[in-house]
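The values are calculated or read from the model by the stated rules, or taken from the named source; none is laboratory data. Quick caveat, the model's predicted, so the values are computed rather than measured. Ideal geometry is used to build each Cβ from the backbone, glycine not excepted, and the neighbour counts take in all protein chains shown.
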Amino acid sequence: MDLMSTTHTQQRRIHGRGTPDADWQAWPGLSAMPVTSAADLVPAHRRAVIVAPHPDDEILACGGLLQQLQDQGTQIVLLAVTDGDASHPGSALLSPLDLARLRPQETVAALTTLGVSPQIVRARIRDGQVSANLEQLHHLLLQLLRPDDVVFSTWRHDGHPDHEACGLAASLAARSCRARLIEMPVWSWHWAAPGDQRLPWRQARRLPLSDAVLKRKQQAIACFQTQLRDDASTGQPAILPPYVLGRLLHPYEIYFL
């Protein structure tokens with residue numbers, strides 16, 4: 001199969017400030033979404049395998065769930081697909097080598113902040129090149145996954161090419177390995193609009209987060225200083241400005257079953 005033929009399209013563009021969080025919060029569809037729990041998503045005696053395109057995606061997408069899984073004794077495996085070395089092109093402050101060293105360290109600090117201790121597997125695929133290395137990622141997942149695993153990946157139509165490639169590889173590998181696939185929107189909240197028919201709302205479930213769980217998730221995001229600071233050398237704003245984080249730091253997380 002030509003895996004690359006079905007990856008990222010140009011219909012879902014990430015640009016500007018995106019859809020205001022206030023628009024999402026005013027949408028009745030969020031509160032009407034069926035509720036799920038960590039035990040429903042990952043039943044007893046099953047592993048959770050988290051596929052993170054970049055360091056920080058595992059916290060942004062499912063930092064609350066990770067805490068709940070740790071509390072219920074679930075074995076967690078984190079597949080770090082890239083080291084995030086391409087987030088600051090042309091920067092005189094953060095070179096690709098700096099980022100490849102710092103960003104995985106930020107992930108470890110964030111996981112420690114959450115109180116979560118997963119097994120970490122690093123694919124070391126180049127940031128921004130996941131689509132070009134889809135066969136490699138697919139093969140790695142086939143080696144990693146077991147029947148009855150629950151695989152969490154960024155949604156295969158999330159808008160970022162690395163996110164979409166991870167979702168596609170995870171979906172194909174999960175099917176082959178008889179694992180369950182659950183997808184996570186991250187950049188979808190930026191380019192989509194409330195009720196947008198391009199998103200699979202009928203498959204969406206809302207995972208409530210307690211105040212303590214949400215606070216630890218917020219503290220974990222603060223570990224990603226490379227992504228939270230403007231780059232004075234290029235004039236580029238932070239990768240994760242407040243208006244982006246505002247859409248991802250609520251007392252719930254959304255999962256597509």
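Condition check: in a loop (DSSP other than H, G, I, E, B), hydroxyl-bearing (Ser, Thr, Tyr) and free of Cβ contacts under 8 Å to residues at least 60 places away in the same chain. Does Ser117 satisfy that? Yes: the conditions hold for Ser117.
Residues that are of a type in the set (A, V, I, L, M), in contact (Cβ under 8 Å) with a residue 40 or more places away in the chain and within 22 Å of Asp230 (Cβ to Cβ) occur at least once in region 40-60.
This table checks each residue for (1) of a type outside the set (A, V, I, L, M, F, W, C); (2) surrounded by 14 or more Cβ atoms within 10 Å (Cβ to Cβ); (3) in contact with a strand residue (DSSP E or B) (Cβ under 8 Å, 6 or more places away or on another chain); (4) on the phi < 0 side of the Ramachandran plot.
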| position | (1), (2), (3), (4) |
| --- | --- |
| Gly73 | yes, no, no, no |
| Glu106 | yes, yes, no, yes |
| Pro118 | yes, yes, yes, yes |
| Arg126 | yes, yes, yes, yes |
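Restrict the check to region 80-89 and report whether at least one residue is surrounded by fewer than 19 Cβ atoms within 10 Å (Cβ to Cβ) and either in contact with a strand residue (DSSP E or B) (Cβ under 7 Å, 6 or more places away or on another chain) or assigned to a helix (DSSP H, G or I) (or both). Within region 80-89, none of the residues are surrounded by fewer than 19 Cβ atoms within 10 Å (Cβ to Cβ) and either in contact with a strand residue (DSSP E or B) (Cβ under 7 Å, 6 or more places away or on another chain) or assigned to a helix (DSSP H, G or I) (or both). From the list Ser233, Ser176, the lone residue that is in a loop (DSSP other than H, G, I, E, B), surrounded by fewer than 22 Cβ atoms within 10 Å (Cβ to Cβ) and among the polar types (S, T, N, Q) is Ser233. Against the test of being modelled with pLDDT of 95 or more and in contact with a helix residue (DSSP H, G or I) (Cβ under 7 Å, 6 or more places away or on another chain), the options Gln68, Gln136 yield a single qualifying residue, Gln68.
Quick one: in region 48-57, of everything that is in contact with a Phe, Trp or Tyr (Cβ under 9 Å, 6 or more places away or on another chain) and not small (Gly, Ala, Ser), which residue is surrounded by the most Cβ atoms within 10 Å (Cβ to Cβ)? Only one residue tops the list, namely Val51.
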